[in-house]
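A.B. asks: Got a structure for you, questions after.
The values are calculated or read from the model by the stated rules, or taken from the named source; none is laboratory data. Since the structure is predicted, the reported quantities are computational estimates derived from the model, not experimental observations. Neighbour counts are summed over all protein chains in view; Cβ atoms, including those assigned to glycine, are modelled from backbone coordinates with ideal geometry. Ligands, DNA and RNA are stripped out before the accessible areas are found, and what is left, the full protein with its side chains, is counted by its heavy atoms. Shrake-Rupley method; radii C 1.70, N 1.55, O 1.52, S 1.80 Å.
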Amino acid sequence: MEIAVLLKPVPDPAQYDKIQIDPATGILVREGLKTVINPEDKHALEAALQLKEQYGGRVALIGMAPASAVETFREGLAMGAEEAFLCSDRAFAGADSLATSRVLAAAVKKAGPFDLVLSGSTSADGGTAHVPSQVGELLGFAHLTHVIQFEIGSDGLASVRTKMENGYRESRGRLPLVLGIRRELNTPRYISLMGIMAAQGKPVHVWSLDDLGLDKGKVGLAGSPTQPGKLYQPDMKRKGEVLQGEAWEVAQRLVGIFRSTGILG
Amino acid sequence: MAEKRLAIWVVVEQNQGKLASVSIEVLGQAARLVETASALSGGVAVVLLGDQVGDLAEELSAYGVDQVYWVDDPRLKHYQNDSYSGVLQRLVEREKPDILLFGATGAGEELAPTLAARLSTGLAAHCTGLDVNADGQLVMKVPAFGGRVLGEIFCPNTRPQMASIKPGTFTVPQRRAGRGEIVREDASSLLLDTDIRLTTVDVLQSEPLGLPLEKADVVIAGGYGMGSKKNWGLLEQLAAELQGAVGCTRPALDEGWTAGEHTMIGTSGKTVRPKVYLGCGISGAAHHAAGIKDSGVIINVNRDALAPAHAYSDYCVTADAKKVVEALLEEIRRTKNEKRGR
Amino acid sequence: MPELKFSEAQEMLRKVVREFVEKEVVPIAHRIDVENECPVDVFKKMGTLGFAGVFVPQEYGGAGMGLTERAIILEEISRHAAGFAMILMTHHLGVEAILSYGTEEQKRKYLPDLASGRKIGGLAVTEPSGGSDVGGQQTSAEFKDGRWVLNGRKCFITNSSNADVTVVTARTGEDAKGRPAFGAFILEAGTPGFAPGREENKFGLRGSGTGDLLLNDCEVGEEALLGAQGNGAKLALATIAKVGRTGMSAISVGILRGCLEEGVKFAKERILYGKPIAKLQAIQLEIAQNRVDYEAARLLTYQAIGLKESGANCDAEIAAAKYFSTEAAVRSAKRTIDLMGGYGVMNDYPVGRYLRDAMATIPSGGTSHVMQLVIAGQTLA
Ligand SMILES: Cc1cc2nc3c(=O)[nH]c(=O)nc-3n(C[C@H](O)[C@H](O)[C@H](O)COP(=O)(O)OP(=O)(O)OC[C@H]3O[C@@H](n4cnc5c(N)ncnc54)[C@H](O)[C@@H]3O)c2cc1C
Ligand SMILES: Cc1cc2nc3c(=O)[nH]c(=O)nc-3n(C[C@H](O)[C@H](O)[C@H](O)COP(=O)(O)OP(=O)(O)OC[C@H]3O[C@@H](n4cnc5c(N)ncnc54)[C@H](O)[C@@H]3O)c2cc1C
Ligand SMILES: Cc1cc2nc3c(=O)[nH]c(=O)nc-3n(C[C@H](O)[C@H](O)[C@H](O)COP(=O)(O)OP(=O)(O)OC[C@H]3O[C@@H](n4cnc5c(N)ncnc54)[C@H](O)[C@@H]3O)c2cc1C
């Protein structure tokens, strides 16, 4: 089975409390933040590796990111993918989900053909959850997202369980498919030392706008139907009165507060 | 009367004959926009898809809706992306609304981006604020980085302007007097069998037991700092004493201490706005904080004086959460007994 | 002098190990200490990831990395559980002896299982009659009818009851000058006449079992002899220097990082006079000293290992790294406990364990006295 995994390098979600907006320029300050594989994309990659173990074939990583993200793709290769295709071009900067999906779909076509495209369901940074469906549309593949369980038979027939509010939905269909994977699906394997060694020799292809043959007006900020305005940092600051004393003293104060809000008679 | 332009469409969601609450919440925003935005002319329409859902069309028409597009067909019984997006695409291309709004549910998060891709238009995800500026453009406020950052999004050059809204972001509006017109559409011209590539074979949804978090006046939220399933029991006792509900962070959920995923609060969970929120052993990551910011009083107990959670609290307690919860239980029970004694 | 800089692959390794440790080891670190129990299942998991055979070439089933990568692994585990790291560190002693001195046949027979963690290794030299005094070993190996017969008792042997394969040194006779000559033997658990004896109750590095190994007419074939006859003591000492002392040094660096990080965390959390004690200058001085001890130990350790890997003769540098790092770990742990006031001595916090672990790193692989003798010997030569 030929599988593409969409892998997005994102700033480490554990450090989002450090993200600031420069008050002078209004630009996002994210210096010093580590870059990691988008957490859900690891689950997508795990699913792909399991299918490869079941059916043979290859797993390719595809992403759009600055060239400095090579290390993050190397991690995906260390986990077990065969090769990586990194779409990197100044022209891609500032892309919204649709402009991003155009680049990813073009790369999937060029690196393909693939039977299956797996992605995370939501990225940790932008987090629109649009990309799986939009890549599916642009490829002309059927697609499902928020996938929490799936099986693909050797006949190419897939049964897919997607998460819904307070439950799930079970769908059936044929490959090729795009599936947006949630973390509930599996537990990603640890990278092994042998994997790290092997990854050093695996190819990472870097593709530019020209390599993908895309129109400049369809990618990046210029090609994005949504345009960003101002950025804010939600001001959640409250008065922060410190309640001091022993536990029983604090408890008495809290009961007083509960009373005054009317939640306790 | 001249035919009223229907500027804003809300795509509503029904599951097995029940309207999703988020659809009504979104409708409330649509009604607010047409009433308050002077640069926006036109009314509100909803699109309802399903199988024998006429009574829902009636119900919807009472929320300040000018028109209900009702498409009824056995093939639309369950949501399925191919069939639903096929119908919606044809309707939108025919009627050309300015604005198209969705609930960001499991289904909505497939449908909205699918349509945006087909229509080559912009979609703003998980809006926490919607406004119309002087030029009549929709200003959509969206979160990123787990809620740490909010950004304005515009869709200047393409139509419709699309946006999705998460459940619980806005409150459910009051029903209103008057009712909109229900227009039953001809499903056969809107839905083609060739649209359908995937079939829905089963749907399972069941309301969880107990008081839903989003309806509770008191939310006792626990985090990884609670330390064990045993300590978690204290939170449940406290919630019971206060007739509230217990919420959790993702690490606490992952530890298996909680009643389940439906109790998780934050960007990938519930949004709550109780009168009192008490956080215990929660660091206060943006992902969690995004789900509680509209709460009445926010209290946090964390043994780390510098925990980010303290910064967004009305009251901070720097102490062991287990000890404070135990003391609270004792104090509440004591005062209740005193009252009874009197 | 170039900066200490790790390669991209080494940085990835550190990240991967840290993730593993945070998920698999941190939750059981306290329990390992309290129950003094070796979590064999986690060891096996580490084995499948290549930790157990990190420096073993891939042709023998290892990861094909080196001693620097091994030190990274030990440091990361020891940041939270030095006692657990000790099991791996000692396993590597057995692995290294076979890798460097084994015949092709011995390597093919033992390394794949050891490198994958399916089997646990060890190295037994110390005896009641002397650890520092290697020449004082009494355990004997007699060659009779084409077979070796071993008798004696080893003590303070890590993994004594867990190891499947242990390299054991024994006196085989005398050399031409009449000095005792030693051989090294590969002994498999379950060999008749070879069994673990009493298990010690240590106050530090708990989780790693330490105990006696008893040899009572233990009979093995010629193929059990590792390296040349008469080369046993040298082989053991070289292995202890190359893998044992560098390993203890890396373990100490991990403990030092633990002290630094726990100290910082506590200093920021503990409120006195209405503000965190991190604002007090006296506390800042303690943090600064913790930082310096950690940085210095880290530099000495990775520098010595780098030298060893480049093939240099660097016993003194290794001894210096081990001496400094283990002693610094003790100082730093005590300092961190002081910084924490009464909380420091409570078992709710891990720093007391760090102090006990740090103390136990000093004799392992050679005491501080002996390290200083090695350093002085080379310096004065
Ligand atoms: C403050 C802010 C608000 C934003 N709001 C919007 C908005 O409302 N609408 C909009 O269209 N865009 C928006 N964006 C832009 C959008 O987040 C980015 O354009 C991003 O490239 C698109 O996807 P995502 O990160 O949201 O992906 P999601 O759709 O959330 O990602 C799902 C999966 O798609 C795959 N994927 C996504 N991006 C890549 C990639 N670059 N390489 C490889 N795989 C990938 C991954 O597998 C990922 O797990 C916003 C950005 C910011 C910073
Ligand atoms: C894409 C993505 C989506 C996410 N979505 C969500 C979401 O929707 N909701 C969510 O909650 N998280 C979410 N997370 C996780 C989120 O980033 C944080 O990791 C999480 O909220 C932290 O949970 P916590 O506060 O329980 O744990 P920690 O961050 O580990 O904090 C525990 C806190 O407890 C304190 N503590 C420890 N012991 C005690 C004690 N005895 N007494 C008092 N205090 C103590 C500590 O000082 C610490 O501050 C998401 C993450 C990602 C990457
Ligand atoms: C946790 C732990 C794990 C161990 N694991 C193993 C193992 O797996 N395999 C193994 O073979 N051994 C192992 N050992 C044993 C260790 O190698 C010895 O403890 C060490 O070599 C010291 O030997 P000893 O205990 O016999 O002390 P002794 O040699 O009796 O030393 C007593 C004192 O004399 C000092 N001293 C000795 N010689 C000199 C000298 N020449 N000049 C000045 N001072 C001197 C020492 O520094 C010490 O202070 C382990 C020890 C510990 C604590």
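A.B. asks: Find the Rg to Rh ratio for the protein assembly as shown, where Rh is the Kirkwood radius over alpha-carbon pairs and Rg uses the same atoms. Write out the running numbers ahead of the final one.
C.D. replies: Values: Rg = 32.9 Å, Rh = 31.7 Å.
We get a ratio of 1.04 for the protein assembly as shown.
A.B. asks: Based on the inverse mean of 1/r over its pairs of different Cα atoms, what is the Kirkwood hydrodynamic radius of chain B, in Å? Intermediate values should be presented prior to the final figure.
C.D. replies: Working: mean 1/r = 0.0458 Å⁻¹.
Roughly 21.8 Å, rounded to one decimal.
A.B. asks: Write down the Å³ per residue value for the convex hull defined by the alpha carbon atoms of region C:110-225.
C.D. replies: Normalising the Cα hull of region C:110-225 by residue number yields 110 Å³.
A.B. asks: Same structure again: Whole-Hz ³J(HN,Hα) for each residue in region A:248-257, computed from phi via Karplus 6.51 cos²θ - 1.76 cosθ + 1.60 with θ = phi - 60°, x for glycine and proline: what do you get?
C.D. replies: Going residue by residue, I get 5, 5, 4, 4, 5, 4, 5, 4, x, 5 Hz, with x marking Gly and Pro.
A.B. asks: Which residues of region A:83-104 bury at least 20 Å² of accessible area once all protein chains are present, versus their chain alone (1.4 Å probe)?
C.D. replies: Buried-area filter returns A:98.
A.B. asks: What whole-number value in Å² describes the accessible area per residue of region B:213-341 for a 1.4 Å probe?
C.D. replies: Details: 5010 Å² over 129 residues.
Accessible surface, normalised per residue, equals 39 Å².
A.B. asks: Which loop-located trypsin sites (Lys or Arg not before Pro) does region A:17-101 contain, where loop means any DSSP state but H, G, I, E or B and the Cβ has at most 15 other Cβ atoms within 10 Å? Don't skip to the answer; put the middle values down first.
C.D. replies: On the way: sites: A:18, A:30, A:34, A:42, A:52, A:58, A:74, A:90; in loops: A:30, A:34.
Within region A:17-101, the qualifying trypsin sites (Lys or Arg not before Pro) (loop, at most 15 other Cβ atoms within 10 Å) are A:34.
A.B. asks: Among B:327, A:61, C:260, whose Cα sits farthest toward the positive end of the charge dipole of the protein assembly as shown (+1 at Cβ of Lys/Arg, -1 at Cβ of Asp/Glu, about the Cα centre)?
C.D. replies: The residue sitting most towards the positive pole is B:327.
A.B. asks: With everything on Cα atoms, drop me the angle between helix C:246-269 and the longest principal axis of chain C, reported from 0 to 90° to the nearest 10.
C.D. replies: So the inclination is approximately 20 degrees.
A.B. asks: Still on this structure, I have one more. Using only the Cα atoms of region B:8-195, what are the Rg and Dmax in Å?
C.D. replies: Radius of gyration, then largest Cα-Cα span, for region B:8-195: 15.4, 46 Å.
A.B. asks: Right, something else. Can you work out ³J(HN,Hα) from phi for every residue in region A:26-35, in order, using Karplus 6.51 cos²θ - 1.76 cosθ + 1.60 and θ = phi - 60°, giving whole Hz and x for Gly and Pro?
C.D. replies: Karplus values, whole Hz, x for Gly and Pro: x, 9, 5, 9, 10, 5, x, 7, 6, 9.
A.B. asks: Another question, if that's okay. Calculate the dipole size of region B:8-195 relative to its Cα centre from +1 charges on Lys and Arg beta carbons and -1 charges on Asp and Glu beta carbons; express the result in debye to the nearest 20.
C.D. replies: That gives region B:8-195 a dipole magnitude of about 480 debye.
A.B. asks: Kindly state, to the nearest 0.05, the FRET efficiency for residue B:215 paired with residue B:38, given R0 = 35 Å and r defined as their beta-carbon distance. Provide the component values of the computation, followed by the final result.
C.D. replies: Working: r = 35 Å, r/R0 = 1.01.
Calculated value: 0.50.
A.B. asks: Would you mind telling me the share, in percent, of accessible area of the protein assembly as shown contributed by carbon and sulfur at probe 1.4 angstrom?
C.D. replies: Values: 20420 of 40090 Å².
On the protein assembly as shown, the fraction of accessible area on carbon and sulfur atoms equals 51 percent.
A.B. asks: Compute, for region C:277-349, the length of the dipole vector about the Cα centre, with Cβ point charges of +1 (Lys, Arg) and -1 (Asp, Glu) only. Units Debye, rounded to 20. Provide the component values of the computation, followed by the final result.
C.D. replies: Numbers: 8 positive and 9 negative charges, 31 e Å.
The calculation lands at about 160 debye.
A.B. asks: Could you pull out every residue, at least 5 positions away or on a different chain, whose amide H is within less than 5 Å of the one on residue A:205? Hs are placed 1.01 Å off N in the peptide plane, and Pro or chain starts have none.
C.D. replies: Correct list: A:84, A:85, A:86.
A.B. asks: Right, next: Taking amide H positions as placed 1.01 Å from N in the peptide plane, with prolines and chain starts having none, which residues 5 or more places from residue A:226, or on another chain, fall under 5 Å of its amide H?
C.D. replies: Sorted by chain and number, the residues that satisfy this are B:123.
A.B. asks: On to the next question. Using just the C-alpha positions of region A:1-121 as equal point scatterers, what log10 of I(q)/I(0) does the Debye formula give at each q in 0.11, 0.20, 0.22, 0.23 1/Å?
C.D. replies: -0.39, -1.12, -1.29, -1.37
A.B. asks: For region A:138-200, what is the convex hull (Cα atoms) projected area averaged across all directions, in square nanometres? Provide the component values of the computation, followed by the final result.
C.D. replies: Numbers: hull surface 25.7 nm².
Orientation-averaged projected area of the Cα hull: 6.4 nm².
A.B. asks: In vacuo Debye scattering of chain A, one point per C-alpha: log10 I(q)/I(0) at q = 0.08, 0.17 Å⁻¹?
C.D. replies: -0.40, -1.32
A.B. asks: Moving on. Once you order the gyration tensor axes a ≥ b ≥ c over the Cα atoms, which shape class does region C:121-171 get: rounded for a/c under 1.5, otherwise prolate or oblate by comparing a/b with b/c? Don't skip to the end; give the middle numbers.
C.D. replies: Working: a/c = 2.57, a/b = 1.19, b/c = 2.15.
Judged from the Cα gyration tensor, region C:121-171 comes out oblate (a/c at least 1.5, b/c at or above a/b).
A.B. asks: Karplus couplings for region B:274-283 from phi (6.51 cos²θ - 1.76 cosθ + 1.60, θ = phi - 60°), rounded to Hz, Gly and Pro as x?
C.D. replies: After applying 6.51 cos²θ - 1.76 cosθ + 1.60, I find x, 5, 10, 10, 10, x, 10, x, 10, 6 Hz.
A.B. asks: Over all alpha-carbon pairs of region C:8-119, lay out the pair-distance distribution in 5 Å bins, whole %, shortest bin first.
C.D. replies: Spelled out bin by bin, region C:8-119 gives 2, 13, 24, 24, 18, 11, 6, 2, 0 percent.
A.B. asks: Determine the total buried accessible area between chain A and chain B, counting protein heavy atoms only with a 1.4 Å probe; round to the nearest 100 Å².
C.D. replies: 6900
A.B. asks: Same structure, new question: So how exposed is residue C:65, as accessible area in Å² (1.4 Å probe, rounded to 10)?
C.D. replies: Residue C:65 has an accessible surface of roughly 20 Å² with all protein chains in place.
A.B. asks: Over all distinct Cα pairs, what is the inverse of the mean 1/r for region C:267-356, reported as the Kirkwood hydrodynamic radius in Å?
C.D. replies: Values: mean 1/r = 0.0682 Å⁻¹.
Mean inverse Cα-Cα distance, inverted, gives 14.7 Å.
A.B. asks: When every alpha-carbon pair in chain C is counted, what percent end up more than 36 Å apart?
C.D. replies: Details: 15481 of 72390 pairs.
In whole percent, the share of Cα-Cα pairs in chain C beyond 36 Å is 21.
A.B. asks: Working from the alpha-carbon coordinates of region C:45-189, get Rg over Rh, Rh being the Kirkwood radius. Present the calculation step by step, with values, prior to reporting the outcome.
C.D. replies: Working: Rg = 16.1 Å, Rh = 16.0 Å.
Reported Rg/Rh, Kirkwood definition of Rh: 1.01.
A.B. asks: If each DSSP helix of 4+ residues adds -39,500 (n - 2.57) and the sum is divided by the residues in chain C, what number results at 222 nm, nearest 500 deg cm²/dmol?
C.D. replies: Working: 11 runs with 190 residues, N = 381.
Computed mean residue ellipticity for chain C: -17000 deg cm²/dmol.
A.B. asks: While we're looking at this one, here's another question. Collect residues whose amide H, placed 1.01 Å from N in the peptide plane, falls under 5 Å from the amide H of residue C:139; neighbours closer than 5 in sequence don't count.
C.D. replies: Long-range HN contacts for residue C:139: C:153, C:171.
A.B. asks: Another question, if that's okay. Using only Cα atoms and rounding to the nearest 10 degrees, what angle (0 to 90) does helix B:321-341 make with the longest principal axis of chain B?
C.D. replies: Long axis of B:321-341 versus the principal axis of chain B: about 80 degrees.
A.B. asks: I've got another one for you. Could you give the angle, 0 to 90 degrees to the nearest 10, between helix B:21-36's Cα long axis and the longest principal axis of the Cα atoms of chain B?
C.D. replies: The answer is roughly 70 degrees.
A.B. asks: Cα convex hull of region C:207-297: how many Å³ per residue?
C.D. replies: Numbers: hull volume 13.2 nm³, N = 91.
In region C:207-297, the Cα convex hull volume per residue is 145 Å³.
A.B. asks: Also, quick follow-up: Would you kindly calculate the translational diffusion coefficient of region B:213-341, applying Stokes-Einstein with the Kirkwood radius from alpha carbon pairs, for 37 °C and a viscosity of 0.692 mPa s, and quote it in µm² s⁻¹ without decimals?
C.D. replies: Values: Rh = 14.3 Å.
Rounded to a whole number, D works out at 230 µm²/s.
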